[in-house]
Structures are given as structure tokens and as C-alpha cells.
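Heads up, the thing below is written out as C-alpha cells.
The values are calculated or read from the model by the stated rules, or taken from the named source; none is laboratory data. What you see is a predicted model, and the numbers here were worked out from it, not measured in a lab. As a convention, Cβ positions derive from the backbone with ideal geometry for all residues, glycine included, and neighbour counts pool all protein chains shown.
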Amino acid sequence: MAVQVSYPGVYIEEFTPGAPIQGVGTATAAFLGPAASGPLNTPTKITSWESFMATFGAEPLDGFYLWYAVRGFFENNGQVCYIDRVSTGDFDKLVLNDRNSGGARPTIKVSARVAGDNTGNQINVAIANANAVSTTLFRPTAAVAQAAGEVIEVTAAALADAAKFLPGNRIVIAGGGKTNSVTVQRVDGALIRVTPTLGATTYAAADAATVRLASLSANADDSFRVDNGAKLAAGSVVTLSQAAGANPAVTDTAVVKSVTAERIAPGLTTYRVELKKPLAQAFDLSAAAAIDVTSQEFTLTVTQGTYAKPYPDLSMDPGHPRYFASIVNGDPLGRVNAAAVEPNSTPAPFNRPAVAAAAPLTGGAPDQPPSLQAHHYKEALGRLEAIDDVNMIAIPDRTDDDVQLAMIAHCERMHDRFAILDSRPGAKLSGSGSVVEHRHGVDSTDGYAALYYPWLFVSPATGPGRVLVPPSGHVAGVFARTDARRGVFKAPAGEEALLNGVLGVEQNMSDIDQGQLNLNEGINVIRVFKGGGRAVVWGARTTATNRSWQYVNVRRLFLFLEESIEEGIRWAVFEPNIPPLWKKLNRTITAFLTQQFRDGALFGNKPEEAFYVRIDEVLNPDAERALGRLHIEIGIRPAYPAEFIIVRIGIWAGGSEISES
């Protein structure tokens with residue numbers, strides 16, 4: 001909106017440029033396949049090899065390769081991946097309802113850690129109330145000897161009580177028919193200095209005046225002090241209750257925001273409790289009745305035969321140090337996992353599971369990896385569609401065309417990820433059953449996949465020797481390493497693609513052999529060039545039938561650019577479709593592509609030679625704008641890999657240089 005001017009002077013008007021485009025991630029892998037343990041048929045984010053072993057098993061399933069693929073990914077500098085444990089099994093489970101007075105709602109789902117039907121050796125779960133903290137509101141009282149100005153002087157006998165009042169405490173001074181509500185500024189020995197000053201108000205010995213903390217007001221006070229709160233923490237639910245006395249009984253429940261220990265003296269520590277919102281009820285600190293403070297937790301107990309494991313003092317708040325899911329799921333010797341059921345809008349503390357006697361987990365079915373069919377992996381690919389940050393996919397246990405074509409179709413449909421395909425074990429170079437025959441069955445029109453050959457020898461999970469595994473996990477790690485060190489525009493092959501954790505390759509080959517696979521078929525070969533040398537990825541071709549997309553790095557560069565631009569200009573949706581918007585978008589996209597040019601992703605001596613951005617009336621005539629459409633044309637010259645370096649050397653006879661003077 002233009003500034004309204006009415007007098008001569010300088011007027012400031014702010015404007016907001018288009019938000020800069022932030023490049024999206026490129027190095028997050030997804031691995032699908034059977035595992036020894038862990039969540040079934042659920043993509044799970046993993047950020048370390050140790051985390052994978054803790055979740056999905058410390059050893060591989062016999063005859064399956066997911067375990068080795070993920071190890072190879074992390075050995076080669078991969079950092080983040082998703083694991084979907086594909087399975088025909090199911091866990092015994094039990095859904096616990098909350099204690100909502102308006103009708104119980106599901107609040108916690110408890111599942112057995114091992115898939116299968118445990119009938120005959122049933123796992124049972126019971127819920128009981130727990131109160132980690134049972135204390136009282138801290139209510140110090142000091143006797144007043146005299147008052148002058150802003151100083152309250154307490155008797156020597158009350159010195160210890162004076163120290164219990166802390167700066168910031170709201171206090172009430174009452175006696176002899178006089179009452180003052182003030183705030184403690186500081187405590188000097190037996191003197192409490194307050195604000196506002198007392199002025200002319202004084203208290204005589206006959207007044208029997210005392211100092212106490214101010215009462216808690218409804219909808220105003222959001223903190224109080226307790227005698228013992230060592231086990232209270234952010235997320236704790238506390239109930240304050242004051243029995244009937246001069247006033248009716250009062251009860252209120254609140255959620256703790258923070259707890260601060262207050263060390264008053266060597267033998268005395270109190271705790272200041274700050275709440276997430278003010279108390280709904282008022283509490284009278286002048287009344288004789290104590291104000292009890294009790295935390296509200298629960299105990300979940302798991303039994304199976306003679307096995308019994310209680311998990312006491314659990315909280316429903318994810319920020320609490322004893323959040324139930326963290327405690328139960330973090331037990332390495334536990335029998336169950338627990339998760340919150342969403343959505344559950346019941347407020348604390350009624351979102352706790354209701355007290356219940358031991359009840360069995362039911363509904364399990366055994367995990368049978370050999371019975372997995374292609375459709376199980378296709379369903380797993382469907383589950384990945386909801387995860388936006390996946391950039392590459394591998395299924396190391398399936399090398400059949402049916403599953404690998406489903407991987408390619410998934411990547412083409414999502415338009416933001418790339419399939420890493422494994423060749424078949426023992427495949428020959430040519431003829432029936434060869435890697436070439438395999439390659440012909442996994443075409444990708446626009447290069448959304450790459451095929452890697454041969455399989456790799458690695459150390460086994462335990463003991464000496466070596467085991468043969470598919471290469472996709474190690475290759476995914478090389479993708480991640482190359483992206484981090486150089487950028488997605490760099491081909492993930494060559495001297496920087498040495499494979500960690502590899503002892504050898506199943507099939508050694510000559511330059512001529514590789515030439516047949518690389519140039520003619522687009523098969524990426526993993527080679528060992530010297531006896532005892534390290535294996536290296538020596539190819540960066542896709543399975544594209546469209547030769548424009550024959551290089552892995554070119555296809556992945558465009559995936560990166562397209563998704564970054566798509567997410568980076570989303571702010572423009574519903575903006576007025578007029579030339580100022582076009583210019584703003586042009587500047588934003590140009591700035592992003594200029595940075596990619598400077599990083600080395602695009603070809604050209606200057607940005608104008610590397611890309612162009614076009615938004616004009618030719619692309620956006622009245623008819624298109626009337627339909628709510630805005631067309632942007634972007635041309636990009638990618639940097640292709642120097643795959644064949646040709647050096648011409650000839651005989652030079654020498655010569656002389658003649659000059660005139």
C-alpha cells in the first residue's frame with residue numbers, strides 16, 4: 001500500500017523482496033526390506049549405524065541383505081536414511097484408553113517387539129496411578145519487630161524465616177488491623193527490603209504482625225514455591241488441593257513449564273514451579289489448611305510368564321524426562337514398544353491411560369521374510385510417497401524386473417528421487433542370464449534409475465571370512481559423500497568414489513569388458529584396478545532411453561533444481577499475476593541459478609551462458625492469466641562429466657623465433 005502523504009518531508013515505505021530459494025537436500029536414502037526386529041511396514045528415520053542396529057537388529061537375517069546395505073551406506077559417509085522393514089507379520093498389540101470423563105479415548109498403543117502370535121506365552125500390560133512428588137506449598141512466616149520506611153525488621157529468632165523470602169516474592173504484612181501487600185526487593189540478614197515502601201505505616205510489638213507469602217489468585221498467578229520438587233520437571237502435571245477450613249475446599253490441576261531449585265541455606269532447598277498457564281482457582285495462604293501439591297504420573301507394568309517389568313512415574317508429555325515412549329522404547333531388554341495414539345485432545349492429566357488390571361496383547365502374526373511377494377515391496381514404495389525428504393531408493397533384496405520397475409515408476413511419479421538398482425548375483429557379462437539382459441528389462445525413459453554391477457565382498461557381521469552382498473547400499477553412501485563434498489552436480493564416480501568396507505568384487509573385468517557395458521548398455525561397473533587395490537565406482541550412467549538423461553549427476557541435478565525452485569517460489573501462489581510479480585520471481589530464480597553456476601553445476605563462462613529465465617506476456621497471454629496460470633520458462637546448461645579424456649600427442653620438431661630490430 002502506498003504511503004499517504006500530506007506534508008513535505010521524507011516518507012519511509014517498506015517492501016518485501018521475493019524470499020531466496022533454499023536448495024533442498026539430496027542425500028537422504030530409503031532402504032526397503034526384511035530385518036531381524038524393529039517397526040513393521042513403517043518408514044523409520046535413522047541417523048547412525050548404531051541407531052539402526054539398536055532398532056532393526058545387531059545381526060542380519062540369514063539370506064537377506066538390508067543389514068549389509070545400510071552398513072555400507074553409513075561406512076561410505078551416508079548420514080540420514082529411512083528404513084521400511086517390509087514384512088508379512090504383525091505384532092501383538094493393546095490399545096489403552098484415557099480417563100476422559102466424557103468417554104474414554106485411545107491414548108497409548110502398546111506393541112510386542114517381536115512379531116508373532118504369543119498365545120500360550122501371553123504378554124500382558126497393567127496400568128496403575130503413580131505420584132512421583134507429594135509435597136506442600138512452601139509457606140514461610142516471619143514475625144515483624146518494627147517497620148521504618150521500606151525496611152521490615154524481623155526479630156533475631158526469626159532470622160532463618162527471613163532468609164526464606166526471596167527477591168521477587170509477593171508478600172503480605174498484616175497485624176494490628178493493618179495490611180500491606182508488597183514485593184521483596186532483597187533480604188539483608190534479618191531485614192527484608194520491599195517495594196513499594198511502607199511510608200508512614202509502622203507495626204508495634206503489640207500488633208503481633210507477621211510476614212507471609214501472598215495468596216495465589218485465579219487466572220493470574222502462574223508460579224508458586226514447594227517444599228520438595230526434585231522430581232518435578234517440564235511437562236509434569238501437578239494437582240493443588242486445599243482442604244475445607246474457613247473457606248470451601250479447592251482443587252486445581254496445571255502443567256509445569258519449568259522448575260528451579262532455590263538453595264536458601266545448607267540444609268534447606270525449595271523449588272520454584274512455573275506453570276504453562278495461570279491457575280484457574282485461587283488458594284488462600286492465610287488459611288490454616290495446608291495446600292498439598294501432588295504430581296500425576298502412571299506406572300506401566302509388563303508381564304509375560306515369570307517376567308515382570310514395571311515402568312514407574314511415566315508422563316504423557318514428550319518434553320518430560322520420563323516420557324512414557326522414551327522410557328519404554330528405550331529399554332534394551334524390554335518386551336514391548338509404546339506410542340501415543342493420535343489424535344487425542346484430552347487435556348492433562350486425563351490423557352493418562354486409565355487404571356486397568358493386566359490385559360493381554362493380541363492380534364500378532366509371525367514375520368516370514370521368505371514369503372514376501374512383489375506386492376509387499378510395492379506397498380512399501382507407496383508408504384514412501386508421504387516422505388518428502390527421500391532422494392534415493394534401494395531395495396537390496398530384490399533384483400527382479402517387477403520390483404525394480406516399480407522403483408523406477410515410483411521415482412518417475414514422485415519426480416524428486418532416484419532409484420539405485422542392484423544387478424543379479426553371479427550375472428555374466430553377456431548372453432542368457434547376463435547383466436546386459438537384466439539391463440534391457442529396466443529401462444527408464446528419462447533416467448530415474450541406474451544399474452550397478454557386480455556384487456561386492458564385505459566382512460560378515462560376525463567372525464572371519466567374507467560375504468557377497470549387493471552394491472546399492474555402498475553406492476548410496478557414495479552419492480551422499482559426493483553431494484556433501486562437491487555437490488549433486490558431480491558424478492558419483494571416479495577417484496572420489498572409492499568404496500569403504502569392501503574387500504573385493506565378484507567379477508573382475510578389463511577395460512574392453514567395461515567398455516561394452518558402459519558405452520553400449522549404460523551399466524555402471526565397480527572395479528578393482530590393481531591387485532589388492534580398493535574397489536571404486538567407475539561409471540555414472542542411468543538406464544535412460546532418452547540420451548539427454550544418460551548421466552546420473554545430470555538427472556539428479558535437475559531433480560534438485562526442480563524441487564528447490566518448486567518449494568522456493570510457493571509464496572507466489574495467489575499473488576496478483578502482474579509484471580511486478582514476474583520481475584520478483586525472475587530475480588529470485590536468477591539469484592538461485594547464479595549461485596549454482598558459481599558452485600560449478602552449470603556450463604558457461606558467465607551466468608548468461610549457463611541459464612536463462614523467461615517470464616513475459618508471450619508466455620502469459622490474457623487467456624492463460626484468466627485461467628489463473630503463470631508460465632515460467634527456464635533453460636539450463638548442465639555440466640556433463642568428463643567421461644572420456646582424449647589427449648592428442650604428436651612429434652614436435654622444435655623451431656626458432658626470428659625478430660627484426
>> I'd like the full set of residues that are farther than 27 Å from residue 217 by Cβ and among the charged types (D, E, K, R), limited to segment 142-178.
In response: 153
> Which condition does residue 298 not pass, out of (1) modelled with pLDDT of 95 or more; (2) not in a strand (DSSP E or B), if it passes all the others?
Replying inline: (2)
> Here are some residues: 371, 326. Which one is touching a Ser or Thr at 6+ places or on another chain (Cβ under 6 Å), among the small types (Gly, Ala, Ser) and either within 20 Å of residue 91 (Cα to Cα) or without any contact (Cβ under 8 Å) to a residue 24 or more places away in the chain (or both)?
Replying inline: 371
>> I need a count of the residues in segment 479-490 that are more than 12 Å from residue 392 (Cα to Cα) and in a helix (DSSP H, G or I).
In response: 5
> All but one of (1) loosely packed, with under 15 Cβ neighbours inside 10 Å; (2) more than 26 Å from residue 32 (Cα to Cα); (3) of a type in the set (S, T, N, Q) hold for residue 462; which doesn't?
Replying inline: (2)
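For segment 148-249, list the strands (runs of 3 or more DSSP E) that sit wholly inside it and hold at least 2 residues that are on the phi < 0 side of the Ramachandran plot and modelled with pLDDT of 90 or more; which are they?
Once the strands (runs of 3 or more DSSP E) in segment 148-249 are filtered for at least 2 residues that are on the phi < 0 side of the Ramachandran plot and modelled with pLDDT of 90 or more, what remains is 170-175, 178-188, 210-213, 223-226, 237-242.
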> Which of the residues spanning segment 371-422 are of a type in the set (S, T, N, Q) and crowded, with 18+ Cβ neighbours inside 10 Å?
Replying inline: 391, 399, 404
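Give segment 96-130 a look and list any residue that's of a type in the set (S, T, N, Q) and either within 30 Å of residue 163 (Cα to Cα) or within 31 Å of the chain's Cα centre (by Cα) (or both), or say none. Steps first, please.
Of the residues in segment 96-130, the ones of a type in the set (S, T, N, Q) are 97, 100-101, 107, 111, 118-119, 121-122, 124, 129.
Within segment 96-130, 97, 100, 107, 111 qualify.
Given the options 332, 318, name the one that is assigned to a loop (DSSP other than H, G, I, E, B), in contact with a helix residue (DSSP H, G or I) (Cβ under 8 Å, 6 or more places away or on another chain) and either hydroxyl-bearing (Ser, Thr, Tyr) or closer than 24 Å to residue 53 by Cβ (or both).
Working: 318 fails: either hydroxyl-bearing (Ser, Thr, Tyr) or closer than 24 Å to residue 53 by Cβ (or both).
None of the others qualify; the one that does is 332.
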> Any chance segment 74-93 includes a residue that's free of Cβ contacts under 8 Å to residues at least 40 places away in the same chain and either part of a loop (DSSP other than H, G, I, E, B) or in the same structural domain as residue 352 (by TED's automatic domain parsing) (or both)?
Replying inline: no
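When you go through 623, 642 one by one, which is the residue that is over 20 Å from residue 568 (Cβ atoms) and at pLDDT 95 or above? It would help to see each step written out before you state the result.
On the way: 642 fails: at pLDDT 95 or above.
Just one listed residue meets the conditions, 623.
Between 144, 211, 154, 182, which is over 30 Å from residue 307 (Cα atoms) and without any contact (Cβ under 8 Å) to a residue 24 or more places away in the chain? Please lay out each step first, then the result.
Numbers: 144 fails: without any contact (Cβ under 8 Å) to a residue 24 or more places away in the chain; 211 fails: without any contact (Cβ under 8 Å) to a residue 24 or more places away in the chain; 154 fails: without any contact (Cβ under 8 Å) to a residue 24 or more places away in the chain.
Residue meeting the stated conditions: 182.
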> What are the residues in segment 277-294 that are part of a loop (DSSP other than H, G, I, E, B) and either at positive phi or surrounded by 14 or more Cβ atoms within 10 Å (Cβ to Cβ) (or both), if any?
Replying inline: 278, 279, 281, 282, 284, 285, 286, 287, 289
> Where residues in segment 48-99 are among the hydroxyl-bearing types (Ser, Thr, Tyr) and out of contact with any strand residue (DSSP E or B) (no Cβ under 8 Å at 6 or more places or on another chain), which of them is surrounded by the most Cβ atoms within 10 Å (Cβ to Cβ)?
Replying inline: 87
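Yes or no: residue 216 touching a strand residue (DSSP E or B) at 6+ places or on another chain (Cβ under 7 Å), outside the structural domain of residue 318 (by TED's automatic domain parsing) and buried (at least 19 other Cβ atoms within 10 Å of the Cβ)?
yes
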>> Filter segment 100-117 down to the residues that are over 29 Å from residue 345 (Cβ atoms) and either among the aromatic types (Phe, Trp, Tyr) or buried (at least 19 other Cβ atoms within 10 Å of the Cβ) (or both) and list them by number.
In response: 115
>> Cβ-Cβ under 8 Å, sequence separation 6+ or interchain: first residue in segment 189-207 and in contact (Cβ under 8 Å) with a residue 24 or more places away in the chain and among the basic types (Lys, Arg), partner assigned to a loop (DSSP other than H, G, I, E, B) and surrounded by 13 or more Cβ atoms within 10 Å (Cβ to Cβ). Which pairs?
In response: 193/150
>> Consider segment 335-360. How many of its residues are over 25 Å from the mean Cα position of the chain (by Cα), surrounded by fewer than 18 Cβ atoms within 10 Å (Cβ to Cβ) and in a strand (DSSP E or B)?
In response: 5
